[in-house]
Amino acid sequence: MKKKTIYIVIELKVREIVAKLLFSYYASLRGYRIYLGSREKIIDLINDKKEKGGIFFYKAGLQIVRTKKISKKIDKHIVLDEEMTAGLNEERYYKSAKAFFPETKKYIDAYFYVNKKIAKIVAKTIKAKNVYGIGWPRVDLFQKKFSKIYDNDVKKIKGKHGKFYLFMSDLGFITKNYREYALEYNPWGGNKKDIEEWKNFSIAKAKNAVEEFNLLINFFKKICSKNPKIKILIRGHPAENVKEWKKRIKGYKNLIYLPPIDDPQPWIMASKGVLHRGCSTSLQSYVLKKSIAYVKLNFSSRYSPFLKRKPFDISYKIFNVSDFFKWIKIKKNNNLNLVKKDLNLYNSKTSCEKILDIIDKFNIKKENNYIFKQNKTTIREYFLFYFKELKRMIYFLLVISKILKRNVDKFYLTSKIPNGITKKEATKYLRKIDLRVKNVKSKLKVSEISEDLIKIEMIK
C-alpha cells in the first residue's frame with residue numbers, strides 16, 4: 001500500500017531514540033509510514049529506492065554533495081536541530097547558526113528549533129524564512145503524561161542503587177589530548193574568520209573542560225571520603241573517554257561511573273538531585289522537579305564564555321565541597337515559569353503535533369513499501385571488511401605509540417548507537433506511549449528491516 005513516508009535518522013541514540021519514537025507514533029496516527037534508523041542505513045535506503053518521494057528528517061546539516069544526492073530521491077528535507085539546545089548563551093546561538101553550508105539552504109524545506117528565540121536568531125543569520133521555534137519531541141517527554149513511560153526503569157534503578165545523587169557530565173574533553181580532539185573537525189559554513197575564531201574558542205573551551213574535570217575528580221573524592229553514606233553516580237557523555245573516567249575514580253565504592261548507553265531520563269527521575277555544568281539535562285531535571293545544582297569549581301564571572309547563564313541562574317550554585325553539603329539540605333523550589341519560554345512548555349499541543357501540522361501541508365508523493373534485498377556477502381566484500389579492520393588496527397597502534405599525532409580519545413568513546421536500533425526496544429516504548437494517547441496497539445506495526453533500521457506504521 002502506498003503511503004507518505006518519513007525517513008528519520010538517529011545519530012545519538014541515548015538522546016534521540018525515545019523522542020523520535022514519540023514523533024513516529026504521532027506521524028503513524030496521521031497515516032505516514034516511518035523508517036527509523038542510523039544515518040548510514042537511512043541514507044543507503046534513500047539512495048537505493050527506485051522512486052522519488054518522502055521526507056528526509058535529520059538533526060543537522062549535511063555536506064553539500066550528500067544533500068544534493070539525497071534531494072534527487074526525496075520530496076522534502078527537514079531539520080530538527082538538536083545541537084542548539086535551550087539554555088545556551090545568546091552569542092553561542094549566533095555562532096552555531098553558521099554551521100549549515102550556505103549552499104544547502106535551497107535544499108532544506110524546514111528548520112525546527114526548541115523555541116522562538118533560537119529560531120529568530122537562525123532565521124536572521126542564515127537569511128531563511130522556513131524556520132520554526134515550536135518545540136522538541138524530547139521536551140514532550142519531560143511532561144507528566146509521557147514521563148510515566150519510564151516508571152519501570154526508575155523502579156529498577158532505585159532497586160539497584162538506592163538513594164543517590166547524579167552528576168550529568170558534558171565536559172567532552174577530559175584528557176591531555178584535548179587540543180587534538182578540539183581541532184579534529186572543522187565547523188561547516190562560515191568564512192575563514194569564523195573558522196579561525198571557532199578553532200581558538202574550541203581550544204580554550206577544551207582546556208577549561210580538562211581543568212574542570214581535574215577539579216571535579218578531587219571534589220567528588222572529598223565528598224565521598226567525608227561522608228561514605230553519600231553515593232554519587234557519574235553519567236558520562238558520549239564524547240568522553242570512558243577509560244579515563246574509570247581510571248580516575250577507581251577505589252571509591254560510593255562513586256560510580258555510568259556509561260552513556262541508555263536514556264538519561266529515568267536516571268534523573270530516580271535520583272535525589274542532579275549536579276551539572278549547564279548541560280541541557282539541567283533544564284530537563286528542573287522540569288522533572290528535581291533539585292539541581294550547577295558545579296563551577298573554577299568560577300570567575302557569570303559572563304565567562306564557559307558558563308551557561310540560564311542553567312546557572314535557575315540552579316543552586318556549588319563552588320566548593322561545603323556548598324554541596326549545604327545544597328543537599330535545601331528543599332527544592334522549581335518555578336517552571338522560569339523555563340517555560342526556553343522549552344516551549346505549553347499544553348495546547350505536543351511539539352510532535354505542531355511539527356506534523358507543518359509537514360502535513362507539504363506536497364508529498366506516496367510511495368510503495370520498501371523491499372529490502374538481502375544479498376549474499378561476496379569474497380570481495382569479506383576482503384574489504386577485513387582490510388578495513390587491519391587498517392583500523394594499524395592506525396590505532398600508530399596513534400597510541402604517538403607516531404601519528406591524532407586524537408587518541410576517539411578509541412575510548414561510547415558507541416553512538418549502543419545496542420542498536422531494534423524492533424524489541426521500539427515496541428516496548430511505543431506500547432507505553434500508546435497507552436497514554438490513543439490505545440491503538442492492535443493496529444500499530446513495527447518491523448525490523450535490517451540491522452539498525454526499523455519500520456513503523458498503522459495497519460488498517
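No value in this document is a laboratory result; all are computed from the given coordinates. Here the structure is a predicted model, which means the values were calculated and not measured. Cβ placement follows ideal geometry from the backbone for every residue including glycine, while neighbour counts extend to all protein chains displayed.
Give Lys144/Lys428; Lys158/Lys331; Lys116/Lys361; Lys106/Lys373; Lys365/Lys428 a once-over and call out the pairs whose C-alpha atoms are over 24 Å from each other. Where the Cα-Cα span goes over 24 Å, the pairs concerned are Lys106/Lys373; Lys365/Lys428.
Projected over every direction and averaged, the convex hull enclosing the alpha-carbon atoms of the range 132-186 yields 7.5 nm². Here the chain is described by how far its Cα atoms reach on the three principal axes: 65, 55, 45 Å, from widest to narrowest. Taking a ≥ b ≥ c as the square roots of the eigenvalues of the alpha-carbon gyration tensor, the range 318-460 is classed oblate because a/c is 1.5 or more while a/b is no larger than b/c. Once you reduce the range 30-45 and the range 215-257 to the center of their Cα atoms, the two points are 38 Å from each other. By the count of neighbouring beta-carbon atoms within 10 Å, fewest first, His276, His161 end up ordered His161, His276. For the range 1-158, the average shadow cast by the Cα convex hull is 10.9 nm², which is a quarter of the hull's surface.
Return the lysines within reach of Lys243: Cα separation strictly under 22 angstrom, same-chain partners fewer than 8 residues apart disregarded; answer none if there are no such residues. Filter leaves Lys13, Lys176, Lys205, Lys207, Lys221, Lys222, Lys231, Lys253, Lys402, Lys405, Lys410, Lys416. If each Cα of the range 152-337 is one equal point scatterer, what is log10 of I(q)/I(0) from the Debye formula at q = 0.08, 0.10, 0.15, 0.18 Å⁻¹? For the requested q values the scattering log ratios are -0.27, -0.42, -0.92, -1.29. Judged by the mean number of other Cβ atoms found within 10 Å, the most tightly packed of the peptides 127-135, 243-251 leads the ranking 127-135, 243-251. A simple packing score, the average count of other Cβ atoms within 10 Å per residue, orders the peptides 118-126, 234-242 as 234-242, 118-126, with the highest score first.
Ranked by the mean number of other Cβ atoms within 10 Å per residue, highest first, peptides 321-331, 284-294, 307-317, 200-210 order as 284-294, 307-317, 200-210, 321-331. Here the scattering of the range 306-381 is modelled by Debye summation over its C-alpha atoms, one equal scatterer each and no solvent; at q = 0.15, 0.20 Å⁻¹ the log10 of I(q)/I(0) is -0.80, -1.07. The modelled label-to-label distance for the pair Ser304/Asp323, using points 7 Å beyond Cα in the direction of Cβ, is 0.9 nm.
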